[in-house]
Amino acid sequence: MRMGNPIQVTKPLIPKKDDIFNYLHEIMDSGWVTNMGPQHNIFEREISKFLEVPDLKIFSNGTLALITALKALDLPEGSEVITTPFTFAATPHAISWNKLKPVFVDIEEESMTISPSSIERAITGKTSAILPVHVYGFPCDVTSIERIANTYGLKVIYDAAHAFSTKLDDRPIIEWGDMSILSFHATKLFNTIEGGAICCKNDNLMKKLYELRNFGIKELDNLEDIKEGIKTKDYIDDIGINGKMNEIQAAWGRATLKVFHTEIEARKRLYAFYFSQLKGIEGISIPKMPVNTSNSFQYFPILIKSSRFTRDEIYEELKRNNIFSRKYFYPLCSDFGCYRDLESSARENLPVAHKISQQILCLPFYGELIDSDIVKEIVNIMKRGLR
Ligand SMILES: *Cc1c(COP(=O)(O)O)cnc(C)c1O
């Protein structure tokens, strides 16, 4: 049995202390701690540039970004949004918080992303949007989804929380759809402790997102009018929210960007190590990124399809050795108490998602592991457990 510190499935990427302390000095000296301050605006530009998109709006977390993205589209109240059950709770919750109805459809066996043919079958007169997820950074079938959306006049919002810097055919994946949302939560590949962003190519929608993020307060080009009391009645038209990222989060993001490349290089080596050690083992399959896609290196998911041992046995065996893998995503969102009574949550409607959620296991995956012996121990424990 392995002794020593518990190993978690991930570890937040921590920036250099000197960088953080320098930014903290700047923030504390200026006295500007939130409300679109200098760190916020610089980080917003730096992150757009880094992700190679013209613009994006940063948020205090990914869930609020998702909620605000849906809100900005003004979808009819009670209308249906088609989504995947194989995701984190935030995805269907953002739909529900907008008084919209999640409709779950099945996923593809290979990519584990939403199945286009299942989307098409689920469309009714009440459908208003599709909310697919690039799960583990595997790209959804964006071309088919675009075709379906155009045919039926539906909006598309991608949950790209796992797809930070993922590219498809050399193009940032977050350029697809009406909008894409990112999460910068501490457990994600790139983090601002808590944080998120929306990428969107439509200028009017961008303006709306800017306003919704800040209580619906209009962009202040009419500040003089407001002061004069002339247009005060136009000051706020939409029911906005407080989704602003504060200066310290933004500074953390700027400093984290500086160590990002080192982390990715380490994760690439870790990926290669896991792959070489686990690929031959009967009963383990490692989902492969399509060739035209860059891996996001956010997770290391494997599928356990053995008649000799179950996923849960491997999970327990690792746990006995103080190593915490994740059954990510089990249970499915469609099995949560708040969703299981939906018609679309019926097990027969989601056979592939149910099968995958019984087989999936995410192994500990963060850069630091490659330079320790722990990763060899993880592999050895698994090999022993599998005999
Ligand atoms: C993490 C995550 C979110 C939510 O992001 P937060 O920043 O934690 O609010 C949304 N969707 C998916 C798929 C996620 O993994």
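The values are calculated or read from the model by the stated rules, or taken from the named source; none is laboratory data. Since we're looking at a predicted model, the values are computed, not measured. For neighbour counting, all protein chains shown are included, and Cβ atoms are generated from backbone atoms with ideal geometry for every residue, glycine included. We work out accessible area using only protein heavy atoms, side chains counted, and drop any ligands, DNA or RNA first. Shrake-Rupley method; radii C 1.70, N 1.55, O 1.52, S 1.80 Å.
On the given criteria, is T187 outside any helix (DSSP H, G or I), surrounded by fewer than 23 Cβ atoms within 10 Å (Cβ to Cβ), under 12 Å from the mean Cα position of the chain (by Cα) and among the β-branched types (V, I, T)?
Considered against the rule, which asks whether it is outside any helix (DSSP H, G or I), surrounded by fewer than 23 Cβ atoms within 10 Å (Cβ to Cβ), under 12 Å from the mean Cα position of the chain (by Cα) and among the β-branched types (V, I, T), T187 comes out as yes.
Which of the following residues is of a type in the set (S, T, N, Q) and within 30 Å of T124 (Cα to Cα): S307, S344?
S344
Could you count how many residues in the range 336-355 are under 23 Å from I314 (Cα atoms) and open to solvent by less than 60 Å² (accessible area, probe 1.4 Å)?
3
Does the range 132-148 contain at least one residue that is under 30 Å from S345 (Cα atoms), in contact with a Gly (Cβ under 8 Å, 6 or more places away or on another chain) and hydrophobic (A, V, I, L, M, F, W, C)?
yes
Answer yes or no: is there a residue in the range 163-171 that is in contact with a helix residue (DSSP H, G or I) (Cβ under 6 Å, 6 or more places away or on another chain) and without any contact (Cβ under 8 Å) to a residue 60 or more places away in the chain.
No; the residues of the range 163-171 include none that is in contact with a helix residue (DSSP H, G or I) (Cβ under 6 Å, 6 or more places away or on another chain) and without any contact (Cβ under 8 Å) to a residue 60 or more places away in the chain.
Taking the options I58, I114, name whichever one is surrounded by 24 or more Cβ atoms within 10 Å (Cβ to Cβ), within 16 Å of the ligand (Cβ to nearest atom) and in contact (Cβ under 8 Å) with a residue 60 or more places away in the chain.
None of the others qualify; the one that does is I58.
Does the range 366-373 include one or more residues that are within 18 Å of S285 (Cβ to Cβ), buried (at least 16 other Cβ atoms within 10 Å of the Cβ) and among the aliphatic types (A, V, I, L, M)?
Among the residues of the range 366-373, not one is within 18 Å of S285 (Cβ to Cβ), buried (at least 16 other Cβ atoms within 10 Å of the Cβ) and among the aliphatic types (A, V, I, L, M), which makes the answer no.
Would you call T262 modelled with pLDDT of 95 or more and open to solvent by 50 Å² or more (accessible area, probe 1.4 Å)?
Here the answer is yes, as T262 does meet what is asked.
So, in the range 173-184, of the ones that are of a type in the set (G, A, S) and within 13 Å of the ligand (Cβ to nearest atom), which residue ends up surrounded by the fewest Cβ atoms within 10 Å (Cβ to Cβ)?
S180
Given the structure, is R213 at pLDDT 95 or above, of a type in the set (K, R) and away from the ligand (no atom under 16 Å from the Cβ)?
Here the answer is no, as R213 does not meet what is asked.
Identify the residue in the range 131-172 that is among the aromatic types (F, W, Y) and in a helix (DSSP H, G or I) and, among all such residues, is nearest to the ligand (Cβ to nearest atom).
Once the filter is applied, the top-ranked residue is Y136.
What residue, of T68, T87, T63, is within 15 Å of the ligand (Cβ to nearest atom), touching an Asp or Glu at 6+ places or on another chain (Cβ under 8 Å) and of a type outside the set (A, V, I, L, M)?
T87
Scan the range 2-16 residue by residue and report those that are more than 19 Å from F184 (Cα to Cα) and surrounded by fewer than 17 Cβ atoms within 10 Å (Cβ to Cβ).
R2, M3, G4, N5, P6
Taking the range 241-265 on its own, how many of its residues are touching a helix residue (DSSP H, G or I) at 6+ places or on another chain (Cβ under 8 Å) and among the hydroxyl-bearing types (S, T, Y)?
Counting residues in the range 241-265 that are touching a helix residue (DSSP H, G or I) at 6+ places or on another chain (Cβ under 8 Å) and among the hydroxyl-bearing types (S, T, Y) gives 1.
Within the range 27-37, how many residues are surrounded by 14 or more Cβ atoms within 10 Å (Cβ to Cβ) and more than 26 Å from the chain's Cα centre (by Cα)?
2
Are any residues in the range 320-335 assigned to a helix (DSSP H, G or I) and surrounded by 13 or more Cβ atoms within 10 Å (Cβ to Cβ), and if so, which ones?
C333, S334, D335
Considering only residues of the range 290-306 that are polar (S, T, N, Q) and farther than 17 Å from L278 by Cα, which is farthest from the chain's Cα centre (by Cα)?
For the range 290-306, the residue satisfying everything is N292.
Exactly one of these conditions fails for K201: (1) within 16 Å of the ligand (Cβ to nearest atom); (2) closer than 29 Å to D238 by Cα. Give me its number.
Failing condition for K201: (1).
Note down all Cβ pairs under 7 Å where the first residue falls in the range 197-220 and is open to solvent by 50 Å² or more (accessible area, probe 1.4 Å), the second is part of a helix (DSSP H, G or I), and they're at least six residues apart or on different chains.
Hits for this filter: K201/E175; K218/E211; K218/D234; E219/K207; E219/Y210; E219/E211.
Within the range 61-81, which residues are within 18 Å of K207 (Cβ to Cβ) and either loosely packed, with under 14 Cβ neighbours inside 10 Å or hydroxyl-bearing (S, T, Y) (or both)?
T68, D74
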